Amino acid sequence: MVGNAKSTMLKASLSSKRLSLDDCRKPSMKMINAFGLDTSPLCPDTCLLAERELRETPEQVQKSLAELRELLKEKNTMSYKDTDEYLMIFLRPTHFYAQSAYDLMKRLATFKDKNQKIVGNPLPREEKTLFTENNVVNVLVDRDQKNRRVLILNMGSAWDPKNLNSEQLFKVLYLIQVASLVEEETQVRGVVIIIDFHGLSTKQVMAMSPSFAMTLLLYIQESMPLRMKEVHIVRQPFLFNMVWPMFKQFVGDKLKKRLFFHGNKMSSLHKHLDANMLPEDYGGKKPKLNYTSADWYPVMQDLQSHIADWNTYGLKK
(Lines give C-alpha, C1' and ligand atoms only; values in the text may rest on other atoms or scores of the structure.)
Protein backbone atom coordinates (compact mmCIF):
# COMPACT_ATOMS: atom_id res chain seq x y z
CA MET A 1 0.00 0.00 0.00
CA VAL A 2 1.08 3.59 -0.62
CA GLY A 3 0.66 4.44 3.08
CA ASN A 4 2.99 1.65 4.24
CA ALA A 5 5.62 2.69 1.72
CA LYS A 6 5.22 6.27 2.84
CA SER A 7 5.66 5.30 6.48
CA THR A 8 8.89 3.45 5.70
CA MET A 9 10.11 6.39 3.63
CA LEU A 10 9.25 8.88 6.36
CA LYS A 11 11.02 6.91 9.08
CA ALA A 12 14.12 6.63 6.94
CA SER A 13 13.92 10.30 6.06
CA LEU A 14 13.75 11.48 9.65
CA SER A 15 16.77 9.46 10.62
CA SER A 16 18.87 10.62 7.68
CA LYS A 17 20.76 13.83 7.00
CA ARG A 18 18.36 16.75 6.65
CA LEU A 19 18.22 18.17 3.15
CA SER A 20 17.98 21.80 2.18
CA LEU A 21 15.24 23.30 0.04
CA ASP A 22 17.67 23.22 -2.87
CA ASP A 23 17.80 19.44 -2.50
CA CYS A 24 14.01 19.31 -2.49
CA ARG A 25 13.96 21.35 -5.67
CA LYS A 26 16.08 18.86 -7.58
CA PRO A 27 13.83 17.41 -10.32
CA SER A 28 12.77 13.79 -10.10
CA MET A 29 13.54 11.34 -12.87
CA LYS A 30 9.96 11.77 -14.04
CA MET A 31 10.48 15.45 -14.85
CA ILE A 32 11.62 15.65 -18.45
CA ASN A 33 11.87 19.44 -18.74
CA ALA A 34 10.84 22.66 -17.03
CA PHE A 35 7.21 21.98 -17.88
CA GLY A 36 6.63 18.93 -15.75
CA LEU A 37 5.32 17.79 -12.40
CA ASP A 38 7.47 16.30 -9.66
CA THR A 39 5.94 12.95 -8.69
CA SER A 40 8.83 11.88 -6.45
CA PRO A 41 8.20 11.05 -2.76
CA LEU A 42 8.59 13.75 -0.15
CA CYS A 43 12.17 14.68 0.61
CA PRO A 44 13.26 14.57 4.28
CA ASP A 45 13.02 18.34 4.71
CA THR A 46 9.40 18.31 3.56
CA CYS A 47 8.66 15.27 5.76
CA LEU A 48 9.80 17.29 8.75
CA LEU A 49 7.62 20.20 7.67
CA ALA A 50 4.65 17.85 7.29
CA GLU A 51 5.20 16.50 10.79
CA ARG A 52 5.53 19.97 12.28
CA GLU A 53 2.60 21.65 10.50
CA LEU A 54 0.26 18.79 9.61
CA ARG A 55 0.89 16.18 12.36
CA GLU A 56 2.06 13.80 9.64
CA THR A 57 3.86 10.99 11.45
CA PRO A 58 3.79 7.31 10.44
CA GLU A 59 1.57 6.47 13.41
CA GLN A 60 -0.84 9.35 12.84
CA VAL A 61 -1.04 8.62 9.10
CA GLN A 62 -2.14 5.03 9.71
CA LYS A 63 -4.59 6.02 12.45
CA SER A 64 -6.19 8.75 10.33
CA LEU A 65 -6.40 6.56 7.23
CA ALA A 66 -8.23 3.87 9.22
CA GLU A 67 -10.62 6.40 10.78
CA LEU A 68 -11.40 8.04 7.45
CA ARG A 69 -12.06 4.69 5.78
CA GLU A 70 -14.45 3.81 8.60
CA LEU A 71 -16.31 7.11 8.19
CA LEU A 72 -16.66 6.59 4.43
CA LYS A 73 -17.90 3.05 4.96
CA GLU A 74 -20.31 4.05 7.72
CA LYS A 75 -21.86 7.03 5.93
CA ASN A 76 -21.77 5.40 2.49
CA THR A 77 -22.98 8.54 0.70
CA MET A 78 -20.01 9.19 -1.58
CA SER A 79 -18.12 7.42 -4.33
CA TYR A 80 -14.41 7.85 -3.64
CA LYS A 81 -11.36 5.66 -3.95
CA ASP A 82 -10.11 4.59 -0.55
CA THR A 83 -6.47 4.06 -1.48
CA ASP A 84 -3.87 5.60 0.82
CA GLU A 85 -2.65 7.83 -1.99
CA TYR A 86 -6.11 9.26 -2.63
CA LEU A 87 -7.17 9.74 1.00
CA MET A 88 -3.90 11.52 1.82
CA ILE A 89 -4.97 14.30 -0.55
CA PHE A 90 -7.79 15.12 1.89
CA LEU A 91 -6.00 14.34 5.13
CA ARG A 92 -3.07 16.70 4.53
CA PRO A 93 -5.02 19.97 4.22
CA THR A 94 -7.10 18.97 7.27
CA HIS A 95 -4.06 18.17 9.44
CA PHE A 96 -4.92 14.47 9.63
CA TYR A 97 -8.20 14.90 11.47
CA ALA A 98 -10.33 12.20 9.87
CA GLN A 99 -13.68 13.89 10.49
CA SER A 100 -12.41 17.14 8.96
CA ALA A 101 -11.08 15.22 5.94
CA TYR A 102 -14.46 13.50 5.53
CA ASP A 103 -16.24 16.88 5.74
CA LEU A 104 -13.92 18.27 3.06
CA MET A 105 -14.68 15.31 0.80
CA LYS A 106 -18.40 15.89 1.37
CA ARG A 107 -18.14 19.60 0.55
CA LEU A 108 -16.20 18.86 -2.63
CA ALA A 109 -18.75 16.25 -3.72
CA THR A 110 -21.60 18.66 -3.00
CA PHE A 111 -19.86 21.46 -4.90
CA LYS A 112 -19.41 19.17 -7.88
CA ASP A 113 -23.06 18.12 -7.76
CA LYS A 114 -24.20 21.76 -7.82
CA ASN A 115 -21.73 22.87 -10.51
CA GLN A 116 -21.84 20.01 -13.01
CA LYS A 117 -21.53 22.35 -15.98
CA ILE A 118 -18.11 23.52 -14.83
CA VAL A 119 -16.55 20.65 -12.87
CA GLY A 120 -18.75 17.68 -13.77
CA ASN A 121 -16.31 16.02 -16.14
CA PRO A 122 -13.74 18.46 -17.59
CA LEU A 123 -10.95 16.77 -19.51
CA PRO A 124 -7.78 18.27 -21.02
CA ARG A 125 -8.50 16.73 -24.42
CA GLU A 126 -11.87 18.50 -24.72
CA GLU A 127 -10.60 21.78 -23.24
CA LYS A 128 -7.40 22.13 -25.27
CA THR A 129 -8.15 25.56 -26.74
CA LEU A 130 -8.73 27.02 -23.27
CA PHE A 131 -5.03 26.38 -22.61
CA THR A 132 -3.50 26.90 -26.03
CA GLU A 133 -5.37 29.98 -27.23
CA ASN A 134 -5.39 32.07 -24.05
CA ASN A 135 -2.76 33.50 -21.72
CA VAL A 136 -4.85 34.04 -18.62
CA VAL A 137 -3.62 31.27 -16.32
CA ASN A 138 0.03 30.31 -15.99
CA VAL A 139 2.24 28.42 -13.54
CA LEU A 140 5.79 29.56 -12.87
CA VAL A 141 8.37 26.90 -13.69
CA ASP A 142 10.27 28.04 -10.59
CA ARG A 143 8.87 27.39 -7.14
CA ASP A 144 9.15 30.13 -4.53
CA GLN A 145 11.69 30.26 -1.69
CA LYS A 146 9.51 27.92 0.38
CA ASN A 147 9.25 25.46 -2.52
CA ARG A 148 5.60 26.28 -3.15
CA ARG A 149 4.02 26.32 -6.59
CA VAL A 150 3.17 29.82 -7.85
CA LEU A 151 0.16 30.31 -10.10
CA ILE A 152 -0.29 33.48 -12.15
CA LEU A 153 -3.82 34.68 -12.95
CA ASN A 154 -3.90 37.46 -15.54
CA MET A 155 -7.21 39.22 -14.96
CA GLY A 156 -6.36 42.42 -16.81
CA SER A 157 -5.88 43.13 -20.53
CA ALA A 158 -4.50 39.63 -21.16
CA TRP A 159 -7.99 38.25 -20.52
CA ASP A 160 -10.51 38.52 -23.35
CA PRO A 161 -13.85 37.28 -21.96
CA LYS A 162 -15.10 36.71 -25.52
CA ASN A 163 -12.49 33.97 -25.95
CA LEU A 164 -12.56 32.70 -22.37
CA ASN A 165 -15.70 33.36 -20.34
CA SER A 166 -15.75 33.22 -16.55
CA GLU A 167 -16.99 29.60 -16.44
CA GLN A 168 -14.22 28.49 -18.78
CA LEU A 169 -11.69 30.41 -16.69
CA PHE A 170 -12.88 28.54 -13.60
CA LYS A 171 -12.58 25.27 -15.51
CA VAL A 172 -8.93 25.97 -16.37
CA LEU A 173 -8.16 26.79 -12.74
CA TYR A 174 -9.93 23.63 -11.62
CA LEU A 175 -8.03 21.39 -14.04
CA ILE A 176 -4.68 22.87 -13.01
CA GLN A 177 -5.54 22.33 -9.35
CA VAL A 178 -6.49 18.69 -9.95
CA ALA A 179 -3.24 18.19 -11.88
CA SER A 180 -1.19 19.66 -9.03
CA LEU A 181 -2.49 17.00 -6.65
CA VAL A 182 -0.11 14.43 -8.14
CA GLU A 183 2.73 16.36 -6.47
CA GLU A 184 3.11 15.34 -2.84
CA GLU A 185 5.44 18.31 -2.38
CA THR A 186 2.58 20.62 -3.36
CA GLN A 187 0.11 18.77 -1.15
CA VAL A 188 2.31 19.57 1.85
CA ARG A 189 3.75 22.99 1.00
CA GLY A 190 0.68 24.41 -0.71
CA VAL A 191 0.33 27.02 -3.43
CA VAL A 192 0.60 30.77 -3.88
CA ILE A 193 -1.45 32.82 -6.36
CA ILE A 194 -0.47 36.11 -7.96
CA ILE A 195 -3.49 37.85 -9.48
CA ASP A 196 -2.31 40.43 -11.99
CA PHE A 197 -4.82 43.15 -12.91
CA HIS A 198 -2.52 45.05 -15.28
CA GLY A 199 -4.59 46.73 -18.00
CA LEU A 200 -7.94 45.99 -16.34
CA SER A 201 -10.80 47.58 -18.29
CA THR A 202 -14.58 47.58 -18.21
CA LYS A 203 -14.51 44.55 -20.53
CA GLN A 204 -13.06 42.38 -17.80
CA VAL A 205 -15.09 44.04 -15.04
CA MET A 206 -18.35 43.24 -16.83
CA ALA A 207 -17.30 39.57 -17.12
CA MET A 208 -16.83 39.18 -13.36
CA SER A 209 -20.32 38.61 -12.01
CA PRO A 210 -21.26 38.15 -8.34
CA SER A 211 -22.14 34.52 -9.08
CA PHE A 212 -18.66 33.93 -10.51
CA ALA A 213 -17.06 35.56 -7.48
CA MET A 214 -19.17 33.50 -5.08
CA THR A 215 -18.57 30.20 -6.89
CA LEU A 216 -14.80 30.74 -7.16
CA LEU A 217 -14.34 31.75 -3.53
CA LEU A 218 -16.68 29.05 -2.24
CA TYR A 219 -14.55 26.46 -3.99
CA ILE A 220 -11.21 27.90 -2.86
CA GLN A 221 -12.25 28.34 0.76
CA GLU A 222 -14.56 25.39 1.36
CA SER A 223 -14.05 22.65 -1.21
CA MET A 224 -10.52 22.73 -2.62
CA PRO A 225 -8.30 19.92 -1.24
CA LEU A 226 -5.14 22.00 -1.47
CA ARG A 227 -3.40 24.37 0.93
CA MET A 228 -3.85 27.96 -0.25
CA LYS A 229 -0.99 29.76 1.47
CA GLU A 230 -1.06 33.27 -0.01
CA VAL A 231 -2.93 35.36 -2.57
CA HIS A 232 -1.17 38.46 -3.94
CA ILE A 233 -3.01 41.19 -5.87
CA VAL A 234 -0.64 43.19 -8.09
CA ARG A 235 -0.76 46.03 -10.62
CA GLN A 236 -4.40 46.79 -9.89
CA PRO A 237 -5.60 50.12 -11.39
CA PHE A 238 -8.22 52.42 -9.88
CA LEU A 239 -10.91 50.49 -11.75
CA PHE A 240 -10.16 47.55 -9.47
CA ASN A 241 -12.13 49.36 -6.76
CA MET A 242 -15.27 48.54 -8.73
CA VAL A 243 -14.49 44.83 -8.71
CA TRP A 244 -13.14 44.22 -5.24
CA PRO A 245 -16.37 44.83 -3.24
CA MET A 246 -18.02 42.06 -5.27
CA PHE A 247 -15.36 39.58 -4.14
CA LYS A 248 -14.80 40.99 -0.66
CA GLN A 249 -18.25 39.98 0.58
CA PHE A 250 -17.36 36.30 0.03
CA VAL A 251 -13.88 36.36 1.58
CA GLY A 252 -13.69 34.56 4.92
CA ASP A 253 -11.47 35.44 7.87
CA LYS A 254 -8.86 32.77 7.09
CA LEU A 255 -8.35 33.96 3.50
CA LYS A 256 -8.32 37.61 4.59
CA LYS A 257 -5.18 36.91 6.60
CA ARG A 258 -3.50 35.44 3.50
CA LEU A 259 -4.55 38.16 1.06
CA PHE A 260 -2.12 40.96 0.19
CA PHE A 261 -2.47 44.03 -2.04
CA HIS A 262 0.68 45.46 -3.64
CA GLY A 263 -0.29 47.68 -6.57
CA ASN A 264 2.85 48.43 -8.58
CA LYS A 265 5.16 48.17 -5.55
CA MET A 266 7.01 44.97 -6.30
CA SER A 267 9.19 45.56 -3.25
CA SER A 268 6.04 44.91 -1.23
CA LEU A 269 5.49 41.61 -3.06
CA HIS A 270 9.13 40.67 -2.42
CA LYS A 271 8.51 40.75 1.34
CA HIS A 272 6.54 37.56 0.78
CA LEU A 273 8.05 36.07 -2.39
CA ASP A 274 11.82 36.15 -2.87
CA ALA A 275 12.81 38.20 -5.93
CA ASN A 276 15.41 35.57 -6.77
CA MET A 277 12.61 33.13 -7.56
CA LEU A 278 10.34 35.54 -9.50
CA PRO A 279 10.44 36.57 -13.17
CA GLU A 280 11.34 40.07 -14.30
CA ASP A 281 7.62 40.77 -14.83
CA TYR A 282 7.26 41.05 -11.05
CA GLY A 283 10.56 42.74 -10.30
CA GLY A 284 12.32 39.41 -9.96
CA LYS A 285 15.75 38.23 -11.07
CA LYS A 286 14.49 35.39 -13.27
CA PRO A 287 14.05 36.08 -17.02
CA LYS A 288 10.87 37.73 -18.22
CA LEU A 289 8.03 35.27 -18.76
CA ASN A 290 8.24 33.80 -22.27
CA TYR A 291 5.86 30.88 -21.79
CA THR A 292 2.12 30.47 -21.30
CA SER A 293 -0.45 27.83 -20.41
CA ALA A 294 0.05 26.47 -23.94
CA ASP A 295 3.48 25.23 -22.83
CA TRP A 296 1.88 23.47 -19.88
CA TYR A 297 -0.84 21.82 -21.97
CA PRO A 298 1.23 18.67 -22.82
CA VAL A 299 1.49 18.07 -19.07
CA MET A 300 -2.29 18.23 -18.83
CA GLN A 301 -2.57 15.80 -21.73
CA ASP A 302 -0.32 13.33 -19.93
CA LEU A 303 -2.66 13.52 -16.93
CA GLN A 304 -5.80 12.78 -18.95
CA SER A 305 -6.41 9.42 -17.24
CA HIS A 306 -5.66 10.84 -13.77
CA ILE A 307 -8.17 13.65 -14.27
CA ALA A 308 -10.77 11.31 -15.80
CA ASP A 309 -10.39 9.07 -12.76
CA TRP A 310 -10.74 12.05 -10.41
CA ASN A 311 -13.94 13.08 -12.20
CA THR A 312 -15.70 9.82 -11.27
CA TYR A 313 -15.90 10.72 -7.59
CA GLY A 314 -18.77 12.45 -5.87
CA LEU A 315 -22.15 11.96 -4.22
CA LYS A 316 -23.84 8.62 -4.69
CA LYS A 317 -27.05 8.90 -6.67
Next item on the list: Under 6 Å between Cβ atoms, at least 6 apart or on separate chains: pull out the pairs that start in the range 82-110 with a residue that is at negative phi and end on any residue that is basic (Lys, Arg) and not in a helix (DSSP H, G or I).
Entry: PRO93/ARG227
Notebook entry, point to check: Where in the range 179-219 are there helices (runs of 4 or more DSSP H), lying fully within it, with 1 or more residues that are of a type in the set (Phe, Trp, Tyr)?
Noted result: 210-218
Check: Which residues, taken from the range 55-79, are in contact (Cβ under 8 Å) with a residue 40 or more places away in the chain and buried (at least 20 other Cβ atoms within 10 Å of the Cβ)?
Finding: GLU56, VAL61, LEU65
Next item on the list: Could you please tell me which pairs satisfy a Cβ distance under 7 Å, a separation of 6+ or placement on different chains, a first residue in the range 297-313 that is surrounded by 15 or more Cβ atoms within 10 Å (Cβ to Cβ), and a second residue that is among the small types (Gly, Ala, Ser) and in a loop (DSSP other than H, G, I, E, B)?
Entry: VAL299/GLY36
Item checked: Qualifying positions in the range 86-103 - surrounded by 15 or more Cβ atoms within 10 Å (Cβ to Cβ), of a type outside the set (Phe, Trp, Tyr) and either farther than 12 Å from VAL188 by Cβ or more than 21 Å from the chain's Cα centre (by Cα) (or both) -> LEU87, THR94, ALA98, SER100, ALA101, ASP103
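For every residue, the table says whether it meets (1) part of a helix (DSSP H, G or I); (2) acidic (Asp, Glu).
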position	(1), (2)
PHE96	no, no
GLN99	yes, no
ARG107	yes, no
ASP113	yes, yes
ASN121	no, no
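Residue-wise test of (1) open to solvent by 20 Å² or more (accessible area, probe 1.4 Å); (2) modelled with pLDDT under 95; (3) within 22 Å of GLY36 (Cα to Cα).
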| position | (1), (2), (3) |
| --- | --- |
| PHE197 | no, no, no |
| MET208 | no, yes, no |
| PHE212 | no, yes, no |
| LEU218 | yes, no, no |
Check: Looking at the range 123-138, which of its residues are surrounded by fewer than 20 Cβ atoms within 10 Å (Cβ to Cβ) and either outside any loop (DSSP other than H, G, I, E, B) or basic (Lys, Arg) (or both)?
Finding: ARG125, LYS128, THR129, THR132
Check: Just wondering, is there one or more residues in the range 270-292 that are surrounded by 16 or more Cβ atoms within 10 Å (Cβ to Cβ), on the phi < 0 side of the Ramachandran plot and among the polar types (S, T, N, Q)?
Finding: yes
Next item on the list: Could you list, in sequence order, all residues of the range 159-177 that are crowded, with 20+ Cβ neighbours inside 10 Å and either among the β-branched types (Val, Ile, Thr) or part of a loop (DSSP other than H, G, I, E, B) (or both)?
Entry: TRP159, LEU164, VAL172, ILE176
Check: Does any residue of the range 143-151 turn out to be open to solvent by 40 Å² or more (accessible area, probe 1.4 Å), touching a Gly at 6+ places or on another chain (Cβ under 9 Å) and more than 30 Å from PHE35 (Cβ to Cβ)?
Finding: no
Checklist line | Residue count, the range 148-167 (criterion: touching a residue at least 40 places away in the same chain (Cβ under 8 Å) and under 27 Å from THR312 (Cβ atoms)) | finding: 5
Margin query: Among the residues of the range 250-261, are any among the aromatic types (Phe, Trp, Tyr) and closer than 30 Å to GLY120 by Cβ?
Written below: yes
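The values are calculated or read from the model by the stated rules, or taken from the named source; none is laboratory data. None of these values were measured; they are calculated from a predicted model. Cβ: placed from backbone, ideal geometry, glycine included. Neighbour counts: every protein chain shown. For accessibility, only protein heavy atoms count, side chains too; no ligands or nucleic acids. Shrake-Rupley method; radii C 1.70, N 1.55, O 1.52, S 1.80 Å.
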